[in-house]
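Enquirer: One structure follows; several queries about it will come next.
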Amino acid sequence: MDRQEEEEETVCVDEQTVERLTEGFLSHYLPELCSSKRALQELTQNQVILLDTLDQEVAKLRECNATIDLNALFTEAKVYQSKLVNIRREMMVLHDKTSRLKVCRNVALHQCLSNGCSAVNGCRQNESPNS
C-alpha cells in the first residue's frame, strides 16, 4: 500500500471511544499486571531472605572448617607434648646416670687418694650398663 491508500483507510474515531477502549484495556490487563508486580516483589523478598540464609550457612561452614583446623592443631600439640614428655623423661634418666657417675667418681677419687688408685677400677665394675 502506498501512502495515499493509508490515508484513505484511516478511520476517524472520536476521543470518547478511544478513552473507553483504553479504560477497557486497562481494566482487563491492569489487575493481572498488579498481581504480577506483587508476585515479583514477593519473589524478590524471598530471594533476599534466601541470600541472607545462604550467607549465614556459609559463615557456619567457615566456622566449622576453622574448628576442624583447630582440632588438627590441638592433635598436633598433643603429639609434640608427648614428645616433650619423652625427652624430659630421657633427660631425667641421663641426669640420674650422670649424678650417680659423679658420686661414684667422687667416691673413687676419695678412695684413690686415701688407699691408692685401685678403687677407681672397682667403681667402674659396680656401674652396670643398663642403669
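Enquirer: At 0.36 nm per residue, and after removing the present C-alpha to C-alpha distance, how many nm does the segment from residue 48 to residue 110 gain when stretched out fully? Let's see the in-between values first.
Expert: Working: separation 62, 0.36 × 62 = 22.32 nm, distance 9.08 nm.
Additional length available on full extension: 13.2 nm.
Enquirer: Continuing with the same structure: In nm, to one decimal, how far is the residue 70 label point from the residue 38 one, both placed 7 Å along Cα→Cβ?
Expert: 4.8
Enquirer: Once fully extended, how much extra length lies between residue 55 and residue 98, figured as 0.36 nm per residue of separation less the alpha-carbon to alpha-carbon distance? Don't skip to the end; give the middle numbers.
Expert: Working: separation 43, 0.36 × 43 = 15.48 nm, distance 6.33 nm.
Value of the extension gain: 9.1 nm.
Read-outs throughout are calculated quantities, based only on the coordinates presented, and are distinct from any laboratory measurement. This structure is a prediction, so every number in the text was calculated from the model and none was measured. All Cβ positions, even for glycine, are placed from backbone atoms using ideal geometry, and neighbour counts span all protein chains on display.
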